[in-house]
Amino acid sequence: MDRIAIEGGNPLFGDIPVSGAKNSAIKLMAASLLTSEPVRLTNMPRLADTRLLGRLLQRFGCGISESDGAQGQQTILHTPEITSAFAPYDLVRQMRASFNVLGPLLARTGHAKVSLPGGCTIGARPVDLHLKALEALGAHIDMHEGYVFAQAPRGLKGAEITFPFVSVGATEHALMAAVLARGTTVMHNSACEPEIVDLAECLNAMGARVSGAGTKTIVVEGVTSLRGTDWAVVCDRIEAGTYAVAAAMAGGEVRLTKVRPELIAALLDKLAEAGCEITHGENTVTIRRGEGRLRPVDLTTDVYPGFATDLQAQFMALMTLADGESVIRETIFENRFMHVPELGRLGADISVSGGEARVRGVERLRGAQVMATDLRASACLVIGGLAAEGETIVNRVYHLDRGFENLEGKLSACGANVRRLKGDAPVEEEE
Ligand code: UD1
C-alpha cells in the first residue's frame, strides 16, 4: 500500500490548478447511460473512483475512451445498448455513489439489479430515500440478499416527491430517473449542491427538461429519449477548499486557478475570520497567510451553501494550531470525527462529544505515523503534516487517491516536501 511522507515546515508559494469535481464526474458518467449516443466529458479528473465507476459501466455495455484533448483530460462514454443491468456487490461496495446507476438503468431498460452499497465508513448512510423516490416514480422494488431488484416494465411515471430531509445522492438519483419518465416530476426539499446543477445542466444539454436545479424545488418534464452531448465537469470545490486550507496551514501565498470562488464562499469566509487574506478574480482565489497564529473559529457543517462536511476534517486540522479554542459541529454525518485520534498523534488537543469537537489550539504539531480512515480525513492528515515539525507518514493513501488527483504533485509544485512511498515498503499499522 502506498504511503505519503511529508516533511513539515515549508510555506507554500505558487499556483494550484483545480481539477474537475469527483462528485460531479461520477454522476455525469452514470447519466451517460441514459442515452444511446456518445457523451463526451471534459475537465475530467482521473481518480480511483472514476476508474472504478468506468469498470462498472463497461459491464452494462458502455464503451469508454480516455484521452488528453485540447480541453484537457476527457472521457467519452457510449452505451448504444444496455447489455446487462446487473451491478454486482464486488464493484458497488467499493464506492457508495455507484449505487446511482440504478436509476439510469431502470429508466432506460425498465429493470435493474444493483447491490446495496458500501462506501466510506462515515456512519450508516442508508439509501432509503433513493428507493422511496424510485417507488414514487412507479418502480416496483424488492430486496433479496443484499440486492435491489427494480422493475418498471411500462416505464417510469412523473410524480410529486418530497424528501423528508436533504440528500445529495437521492436528489441526483431521482433526477436521473425522472428525466425519462412520462409526465412531470416535482421534487421538493431537493439538495442545492453545485454538482446537482452541473448534472441538471448536462441532462438539459442531452435534451432533458429540468428546471429549478440549485433551488429546493426541481421540476422535470419527462422526455422520451436523450441525445449525446459534450460537457465540461464543474470544478472540484472540495479539492479547491482543501488546498485553500493547506495554504492557510503551511503559510505563504497560493493562487487556486480554474476555480469558481463563489462555490467555496462559506470556507473562504471562515479562513478570513481566522486571519487569512483572501482575494479573488473570476476564476482564481489567492490565499495568503501572514506571520503569527491564526484566530480560532467555530463552525457547523451544513448543506450547500453552508460549510461543506467534506471540508470539516481539513478545517479542524487548521484549527489545531489556532490561538485558542474552536468548536466544530458536524450535522450531516454521524461518526465523521475519525480523524480526531489521528490528529491527536500529531499532538493536537481535541475532545469529542456527540457531534461536537472542541479543538484547543496548540503551539506546534509534531510529525508521526498516522492512518487515513476515509477520503476527506486523509486530506486533513496531509494538511497537519505540512505544518508539523519533522516527518509525518500518512498510511492507507488509497483513500486519498479516490478523490485527489496528483495531490503530492500539486503540493510539491508550491514548495511542499511531500513524497509518495510506493507500496512495497512495509506498512506499519496499529490496529
Ligand atoms: C454526497 C457526497 C459526499 C458529501 C455528501 C454531503 C457524492 C459522491 N458524495 O454524499 O461527498 O459528504 O453528499 O454533502 O456526491 N441519508 C439517508 N438516507 C438516504 C440518503 C442519505 O438517511 O437514502 C442520510 C445520510 O446517511 C447522511 C445524510 O442523509 O447522514 C446526507 O447524505 P447525502 O446528502 O445523501 O450524501 P451522499 O449523497 O451520500
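The values are calculated or read from the model by the stated rules, or taken from the named source; none is laboratory data. It should be emphasised that the depicted structure is a prediction, and the values quoted were computed from it without experimental measurement. Using ideal geometry, Cβ is built from the backbone for each residue, glycine included, and neighbour counts are taken over all protein chains shown. Protein only, heavy atoms only, side chains kept; ligands, DNA and RNA dropped before computing areas. Shrake-Rupley method; radii C 1.70, N 1.55, O 1.52, S 1.80 Å.
Protein heavy-atom surface of the chain, 1.4 angstrom probe: 48% of the accessible area is carbon and sulfur, with nucleic acids and ligands not counted.
Placing R0 at 41 angstrom, the Cβ-Cβ distance between Glu81 and Glu334 gives a FRET efficiency of 0.50 after rounding to 0.05. Using only the alpha-carbon atoms, how far is helix 22-31 inclined from the longest principal axis of the chain? Give it as 0 to 90 degrees, nearest 10. Helix 22-31 and the main axis of the chain meet at about 10 degrees. Expressed as a whole number of Å, what is the distance separating the alpha-carbon centroids of the stretch 179-242 and the stretch 33-49? Their Cα centres are 15 Å away from one another.
Relative contact order of the stretch 243-397, taken over Cα pairs closer than 8 Å and 6 or more residues apart, is 20 percent. Each Cα pair of the stretch 124-248 feeds into the Kirkwood radius, which the Stokes-Einstein equation turns, at 25 °C and 0.890 mPa s, into a diffusion coefficient of 158 µm²/s. Rounded, prolate or oblate, given the Cα gyration tensor of the chain, with a/c below 1.5 counting as rounded? Prolate, because a/c is 1.5 or more and a/b exceeds b/c.
Full extension of the chain between Arg288 and Ser225 yields a length gain of 17.8 nm, computed as 0.36 nm times the residue separation minus the alpha carbon distance. Placing dummy labels 7 Å off each Cα toward the beta-carbon, the span from Asn204 to Arg295 is 4.0 nm. Per-residue 3J(HN,Hα) values for the stretch 59-73, derived from phi via the Karplus relation 6.51 cos²θ - 1.76 cosθ + 1.60 with θ = phi - 60°, read 5, 8, x, 8, x, 10, 10, 10, 7, 10, x, 4, 9, x, 6 Hz in sequence order (x marks Gly and Pro). Within the stretch 160-188, name every residue whose backbone N is under 17 Å away from a label modeled 7 Å from Cα of Thr217 along the Cβ vector. It comes to 160-164, 184-188, nothing else.
Stretching Gln151 away from Phe165 to a fully extended chain increases their span by 2.5 nm, per 0.36 nm per residue minus the current alpha-carbon distance. Amide H contacts under 5 Å for Thr331: Thr301, restricted to partners 5 or more places along the chain or on a different chain, H placed in the peptide plane at 1.01 Å from N. Residues Asp68, Asp236, sorted by accessible area with the largest first, give Asp68, Asp236 [1.4 Å probe; ligands and nucleic acids excluded]. Ligands, DNA and RNA are left out, and with a 1.4 angstrom probe the accessible area of the stretch 218-265 is 31 Å² per residue. Debye sum, Cα scatterers, the stretch 1-150, no solvent: what log₁₀ I/I(0) at q = 0.11, 0.13, 0.20 1/Å? Here log10 of I(q) over I(0) equals -0.49, -0.65, -1.26.
Between His188 and Arg420, the contour length at 0.36 nm per residue exceeds the alpha carbon distance by 79.0 nm.
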